[in-house]
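Report on the following structure.
The values are calculated or read from the model by the stated rules, or taken from the named source; none is laboratory data. Just so it is clear, the model here is predicted, and its values are computed rather than measured. Please note: Cβ atoms are built from the backbone with ideal geometry, for glycine as well, and neighbour counts cover all protein chains shown.
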Amino acid sequence: MRKKWVSLLMAAVLTMPFGLTAAAEQNAAGDGASTTGGSVTAAVYSSGPAVLWVPTNTEKVLRSQPAPEEGAKQTVDLEAAKNEYESGQIIVRANDAALTGVTVETTALVRDGGDAQIPAEDVRLYKEHYVEVTSVTSGSYPKGWYPDALVPMGTNEAFDVALGQNQGIWLTVKVPKNQPPGMYRGNVAVRAQGVSFDVPLTLNVWDFELSDEGHTQSAFAIWYDQVAYYHNVAPNTPEYWQLLENYYWFQTEYRLPPDDLPIPSGDVDQYIAQAERFLSNPKVNSFRIPYYENDLPKTKQLVDKLREKGWLSKGYFYLGGLIDEPPVEKYPLVRQLSEELTQIAPDVKHVVTKEPNALLEGYVNTWAPLLHLYDKDYAQARQAAGDHVWWYTCVIPKHPYPSYHIDDDLLGARLLSWMQRENKVEGNLFWATTIFRKYNGTQYVDRNVWQDPLAFPGANGDGFLLYPGKELGINGPVATIRIEAIREGMEDYEYLWTIEDRMRSAAASLGLASFDVDAAMKTYYDRLYKSVSTYNERPEELLQVRREIAEQIVALEQDPTVLFTVTRLEDLKQRITVYAAKNAAVQLNGQTVQPSEQLPQYDVYAQTFDLQIGVNPVELSVTANGVEKSQTIRLIGIAPAPVQYVVPMLDAESSGDVDRWTLENVELSRSADHAAQGDQSLKAVYQPNVDFPNMKLFHAGTGFRSADWSKYNMLEFDVYNDEEMPQLLYIKFFDENGGVFDGTTATVGPKASKKVQIPMVNIGVVDKTNMAGFELWMWKQSAPVTLYFDNFRFLASEKLPSQDLSYHYVYQTNVSDISIDGSLNEDVWQTDLEYNYTAFGATDNKGKLGLLWNSQYLYASFEIEDGDVRDPSHGATPWEDDGVEIFIDGDYVRGPRNEHAPQYTVRFNDNQVFLNGASSPSTSGILQKSKRTPTGYTMEMAIPWSAIGVTAASGKTIGITSHVNDDDMTNGVRAYGVLGFTPFGLDDGATTANWAEFILSPDAPRAAQGEIAASEYKFTDLMETKMLQELKKSDSVLAGVTLENRYAKAKELAFVVELLDHKNKVENRSVVVKTLQPGQKETFKAGFELPKNANKYKVKVSVWDNLQNRKPYVADVVFP
């Protein structure tokens, strides 16, 4: 027999970039912008003056949002498991005239074949109620009328739609547990005067069932006092308890059991008796255990009785009224309460809304950080130690983090459950679902719930996910589109739990003890998000991944048992690994695959596929015991990520970098500690007991060069937290027109570094063509907080001019200090300014520049790595030979070159100096000399100031750039390229605008404050059985040296051993990276096997600061 299932597994790749797309750019258009994060893909369906379209159930369509362009899709297509709610929506728009008397009716859903159905009355209809957002939450989405409450519609209930407005119709189907699987079809009829729409409705019921019991806990608090107040019901009356129970069960149907049971808790025995009908229900998988303050014996009595009943595992303590989000000064109380609860209930979770930290370790057993404070490594380390981890969101964080805010997308709210499952977060907390009043900063006051979306300052919709049903004659709540999205996410969580469970069962059936379920699942997660704050905002992609998971769940229950994984090797190369029973026949794309590994109970098959960009279907067929199962594995290839170019902004290497900041209750200085690059960082001490201490980098010309940031993809900087606690930093952006975006945060762990990355597309409505700058701020602190900042930079898809206003110093030296002989062996030289740009053609050269001065000369040193150094051969065009060019802007005009802006060209192994450019400068008196080195050449120049036509003096500013010309020959083919010291090298002949700024300093060169001392190098074979004098008599080489750190601070060292061919091309490399503390000695060894013709190679040994900067600490050694 043959069975056919389609499993659409796409590998860990993306077809669209993550982060905000259209929404971030369109929100200036008011509520004409969509909160889908991209264009609406549903189609328009016209009838009379109305249009209709069908978005997904994970989109918000604003009331005045224009209809999408026409397309082919005009159906509501749902997919669900048994025992699952599934929703869809239809948007009707009064396009040409107002609509009156609009009605909506549905038919029964009948399975293909007519043997099963879901009655029409089980398709619930709701009218989307719109609420006006007049003050945006994050700036990522606009002001406007947002759909929120879902008002139940009665039979034949009619409504009107004003001209130019949309009306959303929401529908929800509950699939019974015993519903036969298959495709069901029905119709939604939308009628109005002159309008008739018939929208096909389909429901595909998957052949598996979601359990009543959820596999993650929650604490979504119902504030019963506000419920009773709004419904005008007196506390502790029968009407009161019935009302609360109505709210409780309503929310529980959304797989969000509230924290408190809706029963009295004062008497322990009464509580236990009344708790029975709740805690014996599998839908109630979590509840808050009442805590009797100052009565620990009574609390213990309750715990013991709950344990006897078998309910204790569902319970948790949450003492939010005493220690909610505790600051450091409340830590003693946290420890005290935690110790008390541990004494009476060591097996019960005690949820504390705080991120894991060393000061509370051993006390808190259940941590609940805010989303943006969640640190996966730290959290999972605490879980490994026996703790539990939940998380929560509230008024913060805001978009781009997932939220439950009204003016945010629904995808984040739904995807939060996926992120929770992947990160193994055990519970989700939300502080209130029923704040029906309004907090004014000191107390709660009355609010028009149906018109005012701001129950708590700072975020629309924070504090309520339900509306009171009082005005509608409902003795209970009304749902929102937001809580519907959360339920979809909770049901998705059960899909994820189910597929993992079936994967493990299949692995056990095959005898596969080490199947990595997390790795198999990661291929799904990676398509939907990169991090908690960076997710794919295309609803269709989420629904596609969910569909593939559902199909896999079904297939895993069928014979023969098969497991497979997909591993991404490169952007366009992936490997499929199949696990099947012994003697199974496996085919991939119709080709029989032989086992790559044969084990006693199962065989492993692996094949690598080269992909095209886009969808690449692979047909998998497995036959065992006469049963064949086929699955389609869809791999998606993506184009390699485009190259990102660094645009420097501020690096802390100049004393002027401190002056560029505007400070408010922050002490800022340069420091030699915790530098991310170079030697210096910015030490910022945020002062305590003040509101919002901050530091601002503001305005073109004072903070940075240009206000146009529109071509940048990312702002990055490095920060080190010197405190014992995690620190939360806010990054706030401003434009020159008054626009502000304050939705970006960075959490830095204790005594840890972090690279902060902020996609520019995520900074909201600010005008990126006219930026004022950004601010780094914190909340009020109880003690000083010290952070170290470094290396502020942008990333761009093209080479752009530097934003850095900082300058380099040229230190003063004596004429007698330097001998112009081409050797850079004088102590005064610091040849450490790197060439980071390709100005022309292609070149594999590397180069560094050094500068010194006195009243007579400007000195320049050049250290060039060039694997093919050639003597001059281009007489008329000297710039085409190996050599260097130096450009000097003697007046620092930063514009068109004038008579004091010469360009000097010097070739390797040539005594001539060539002048290009302006006519006045001369070559008279210029000294220069070059010298061959094992890796290229070095060069020194002494240029008289008189040749440039200016007078040198301390404090004078000049502009400088430089080129390295590379003339190579490979197999008779010439290659020519040019390195540039600054970007836009091809413009250097005409303008000095992009040249680097240098200031003539009165100071002598800075002496090195230490060194890395090296012992004698030793070269042996890998087994260290013999010393080597040459390479040709050995099949391997191991280089070794003992290094000593004589600096006053720790140094990271990269010990690099490279195999070079006769053209100095690196053929092999072995690297050892270690950090040496001050005074520490350590032996470094690295090596590799040698090719057969080893005599044609040589070994180069380097000691660098790291593999990125490659700053040498010790002179390179070449062997033999």
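Contact map, the stretch 376-393: residues that are touching a residue at least 40 places away in the same chain (Cβ under 8 Å) and closer than 14 Å to Val425 by Cβ paired with residues that are of a type in the set (Lys, Arg) and surrounded by fewer than 16 Cβ atoms within 10 Å (Cβ to Cβ), Cβ distance under 8 Å, separation 6+ or inter-chain. Pairs shown: Gln380/Lys424; Gln383/Lys424. Of the residues in the stretch 586-597, none is among the polar types (S, T, N, Q) and under 30 Å from Met490 (Cβ atoms).
Here the strands (runs of 3 or more DSSP E) wholly within the stretch 738-798 that include at least 3 residues being under 16 Å from the mean Cα position of the chain (by Cα), surrounded by 20 or more Cβ atoms within 10 Å (Cβ to Cβ) and in contact (Cβ under 8 Å) with a residue 60 or more places away in the chain are 740-748. Of the numbered criteria (1) touching a residue at least 40 places away in the same chain (Cβ under 8 Å); (2) under 30 Å from Leu800 (Cα atoms); (3) touching a Ser or Thr at 6+ places or on another chain (Cβ under 9 Å); (4) hydroxyl-bearing (Ser, Thr, Tyr), the one Tyr904 fails is (1).
Sort through Leu466, Leu454 and tell me the only one that's in contact (Cβ under 8 Å) with a residue 12 or more places away in the chain, farther than 30 Å from Ala384 by Cα and surrounded by fewer than 21 Cβ atoms within 10 Å (Cβ to Cβ). So the residue among Leu466, Leu454 that is in contact (Cβ under 8 Å) with a residue 12 or more places away in the chain, farther than 30 Å from Ala384 by Cα and surrounded by fewer than 21 Cβ atoms within 10 Å (Cβ to Cβ) is Leu454. Candidates in the stretch 682-705 are the residues that are modelled with pLDDT under 95 and among the small types (Gly, Ala, Ser); of these, the one that is nearest to Asp1105 (Cα to Cα) is Gly703.
So for the stretch 1061-1070 (the condition being under 32 Å from the mean Cα position of the chain (by Cα) and not in a loop (DSSP other than H, G, I, E, B)), does at least one residue qualify? Yes, the stretch 1061-1070 contains at least one residue that is under 32 Å from the mean Cα position of the chain (by Cα) and not in a loop (DSSP other than H, G, I, E, B).
Count of the stretch 1019-1060 residues, restricted to those that are touching a residue at least 12 places away in the same chain (Cβ under 8 Å) and in a strand (DSSP E or B), is 22.
Looking at the stretch 186-204, which of the residues that are among the small types (Gly, Ala, Ser) and assigned to a strand (DSSP E or B) is surrounded by the most Cβ atoms within 10 Å (Cβ to Cβ)? Selected residue: Ala192. Would you check if there is a residue in the stretch 928-943 being acidic (Asp, Glu), under 50 Å from the mean Cα position of the chain (by Cα), under 30 Å from Val1118 (Cα atoms) and in a strand (DSSP E or B)? Yes, that holds for at least one residue.
Only residues that are surrounded by 18 or more Cβ atoms within 10 Å (Cβ to Cβ), under 29 Å from Glu798 (Cβ atoms) and either without any contact (Cβ under 8 Å) to a residue 12 or more places away in the chain or small (Gly, Ala, Ser) (or both) were counted in the stretch 826-866, giving 2. Scan the stretch 457-479 for residues that are in contact with a strand residue (DSSP E or B) (Cβ under 8 Å, 6 or more places away or on another chain) and over 16 Å from Val227 (Cα atoms) and the total you get is 3.
Would you point out the residue of the stretch 387-430, among those that are in contact with a helix residue (DSSP H, G or I) (Cβ under 8 Å, 6 or more places away or on another chain) and aromatic (Phe, Trp, Tyr), that is nearest to Pro356 (Cα to Cα)? Out of the qualifying residues, it is Trp391.
Conditions tested, residue by residue: (1) touching an Asp or Glu at 6+ places or on another chain (Cβ under 8 Å); (2) buried (at least 23 other Cβ atoms within 10 Å of the Cβ).
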| position | (1), (2) |
| --- | --- |
| Gly473 | no, no |
| Ala479 | no, yes |
| Arg482 | yes, yes |
| Tyr493 | no, no |
| Arg502 | yes, no |
| Val517 | yes, no |
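Can you report the number of residues in the stretch 547-568 which are under 30 Å from Asn762 (Cβ atoms) and not in a strand (DSSP E or B)? Result for the stretch 547-568: 3. Restricting attention to the stretch 659-675, the residues that are out of contact with any Ser or Thr (no Cβ under 7 Å at 6 or more places or on another chain) and either of a type outside the set (Phe, Trp, Tyr) or under 18 Å from Leu728 (Cα atoms) (or both) add up to 10. Counting only strands (runs of 3 or more DSSP E) that sit wholly inside the stretch 601-645, those with at least 2 residues that are touching a Lys or Arg at 6+ places or on another chain (Cβ under 9 Å) and without any contact (Cβ under 8 Å) to a residue 60 or more places away in the chain are 602-610, 614-624. Filtered by the rule that a residue be over 12 Å from Lys683 (Cα atoms) and part of a loop (DSSP other than H, G, I, E, B), the stretch 647-661 gives Asp651, Glu653, Ser654, Ser655, Arg660. For residues in the stretch 951-992 being closer than 17 Å to Gly890 by Cβ, surrounded by fewer than 19 Cβ atoms within 10 Å (Cβ to Cβ) and more than 46 Å from the chain's Cα centre (by Cα), which is modelled with the lowest pLDDT? It comes out as Ser954.
Filtering Lys1051, Lys1111 for residues that are under 40 Å from the mean Cα position of the chain (by Cα) and within 28 Å of Asp866 (Cβ to Cβ) leaves a single hit, Lys1111. Taken over the stretch 381-434, residues that are of a type in the set (Gly, Ala, Ser) and within 22 Å of Ala221 (Cα to Cα) amount to 6.
Please go through the stretch 569-588 and pick out each residue that is in a strand (DSSP E or B), out of contact with any helix residue (DSSP H, G or I) (no Cβ under 8 Å at 6 or more places or on another chain) and either surrounded by fewer than 21 Cβ atoms within 10 Å (Cβ to Cβ) or among the charged types (D, E, K, R) (or both). If the condition is that a residue be in a strand (DSSP E or B), out of contact with any helix residue (DSSP H, G or I) (no Cβ under 8 Å at 6 or more places or on another chain) and either surrounded by fewer than 21 Cβ atoms within 10 Å (Cβ to Cβ) or among the charged types (D, E, K, R) (or both), then Leu569, Glu570, Lys573, Arg575, Thr577, Ala585, Gln587, Leu588 are the ones that fit. Limited to the stretch 1092-1109, what total is found for residues that are out of contact with any Lys or Arg (no Cβ under 8 Å at 6 or more places or on another chain) and surrounded by 14 or more Cβ atoms within 10 Å (Cβ to Cβ)? So the count comes out to 6. Of all residues in the stretch 520-546, exactly one satisfies the criterion of being in contact with a strand residue (DSSP E or B) (Cβ under 7 Å, 6 or more places away or on another chain), modelled with pLDDT under 90 and either assigned to a helix (DSSP H, G or I) or of a type in the set (Asp, Glu) (or both), namely Thr523. Scan the stretch 526-564 for residues that are crowded, with 20+ Cβ neighbours inside 10 Å and either among the polar types (S, T, N, Q) or under 18 Å from the mean Cα position of the chain (by Cα) (or both) and the total you get is 12. Filter the stretch 698-732 down to the residues that are in a strand (DSSP E or B) and more than 24 Å from the chain's Cα centre (by Cα), then identify the one that is farthest from Thr745 (Cα to Cα). Applying the filter and picking the extreme gives Ala700.
Condition check ((1) of a type in the set (Gly, Ala, Ser); (2) at pLDDT below 95) across all residues:
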{"position": "Tyr126", "(1), (2)": "no, no"}
{"position": "Thr134", "(1), (2)": "no, no"}
{"position": "Glu157", "(1), (2)": "no, yes"}
{"position": "Arg185", "(1), (2)": "no, no"}
{"position": "Ala221", "(1), (2)": "yes, no"}
